[in-house]
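J.: Below: one structure in structure tokens.
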Amino acid sequence: MTEPNAQYPDPNAQPQQPAGAALTQEQDNQWASFAHLGGILGFLPSLIIWLVFKERGRLTDVEAKEAVNFQITAAIAYVAILIVNSVLTAVTFGFWALIGWILPLALWVIVIVFSIQGFLKAKDGNHYRYPFAIRLIK
């Protein structure tokens, strides 16, 4: 059998969408939900999804921005907790270190819960707004 070439294209090949083609509704829901779920790993997955797909899907643009804003807020909260824990540990001569680990753990659980809630809403094509987030990206 001969190799497919430009003159005789492969009949079994799937049609390719152009790189910047608009997302279908199903794909838009999928990437919007992944933007929320990616927040479990930090702000980078949500940011990358927003940068790549913001002009290709309306829902993905809105939901990925919301997820990035929430992840930035969570990162600021982690830094604030680190500073508070450091100061309180120094002031209490190390005693605070025994209980200070609870704060970042609680924030981590909150991030996971809200990210999963956002994922579940966005996969059905609905908007999800985090209860608290500094909206730096408009």
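J.: Which distance in nm do the two modelled labels at GLU26 and GLU55 give, with both placed 7 Å along the Cα-to-Cβ direction?
T.: The two pseudo-label positions are separated by 2.6 nm.
J.: Can you tell me the orientation of helix 43-53 relative to the chain, as the angle in degrees between its alpha-carbon axis and the longest Cα principal axis, to the nearest 10?
T.: So the helix axis and the longest Cα principal axis differ by about 30 degrees.
J.: Which FRET efficiency value, to the nearest 0.05, is calculated for LEU98 and LEU136 with the Förster distance at 41 angstrom and r the Cβ-Cβ distance?
T.: Details: r = 35 Å, r/R0 = 0.85.
Efficiency, rounded to the nearest 0.05: 0.75.
J.: Could you work out how much longer the chain between LEU82 and ALA106 gets when fully extended? Use 0.36 nm per residue separation minus the Cα distance between them, nm to one decimal. Can you show the working numbers first?
T.: Details: separation 24, 0.36 × 24 = 8.64 nm, distance 1.31 nm.
Length gained, LEU82 through ALA106: 7.3 nm.
J.: Once the Cα atoms of segment 61-123 are picked out, what are the Rg and Dmax in Å?
T.: Over segment 61-123's Cα set, Rg and Dmax evaluate to 15.0, 48 Å.
J.: Between helix 58-91 and the chain, what is the angle of the helix's C-alpha long axis to the longest principal axis, kept within 0 to 90° and rounded to the nearest 10?
T.: On a 0 to 90 degree scale, this one is about 20.
J.: Charges only on Cβ, +1 for Lys and Arg, -1 for Asp and Glu: so what's the dipole of the chain about the Cα centre, in debye to the nearest 20? Intermediate results must be reported in sequence, preceding the final value.
T.: Values: 9 positive and 9 negative charges, 118 e Å.
With only Lys, Arg, Asp and Glu charged at Cβ, the dipole is about 560 debye.
J.: Oh, and also: Sorted by average packing, counted as other Cβ atoms within 10 angstrom per residue and highest first, what order do 32-40, 86-94, 110-118 take?
T.: Working: 32-40: 24.8, 86-94: 11.8, 110-118: 17.3.
Packing order, densest peptide first, comes out as 32-40, 110-118, 86-94.
J.: Would you compute, from DSSP H runs of 4+ residues alone, the mean residue ellipticity of the chain at 222 nm, taking -39500 (n - 2.57) per run and dividing by the full residue count, rounded to the nearest 500?
T.: Values: 5 runs with 83 residues, N = 138.
Estimated from H runs of four or more residues: -20000 deg cm²/dmol.
J.: Between (1) 1.49; (2) 0.93; (3) 1.10, which entry matches Cα Rg over 2.2 N^0.38 Å as derived from the coordinates of this structure?
T.: The listed entry that was calculated here is (1).
J.: Another one. Which one of VAL113, ALA22, ILE48 has its Cα pushed farthest toward the positive end of the charge dipole of the chain, where Lys and Arg give +1 and Asp and Glu give -1 at the Cβ?
T.: VAL113
J.: Sort 52-65, 125-138, 72-85 by the packing proxy (mean of other Cβ within 10 Å over each peptide's residues), most packed first.
T.: Details: 52-65: 19.8, 125-138: 13.1, 72-85: 14.9.
Most protected by this proxy first, the peptides run 52-65, 72-85, 125-138.
J.: Helix 25-37 sits at what angle to the longest principal axis of the chain, using alpha carbons and giving 0 to 90 degrees rounded to 10?
T.: Helix 25-37 sits at roughly 20 degrees to that axis.
Read-outs: derived from the displayed coordinates by stated rules, not from any lab. Quick caveat: nothing in here was measured; it's all calculated off a predicted structure. Glycine gets a Cβ as well: all are built from the backbone with ideal geometry, and neighbour counts include every protein chain shown.
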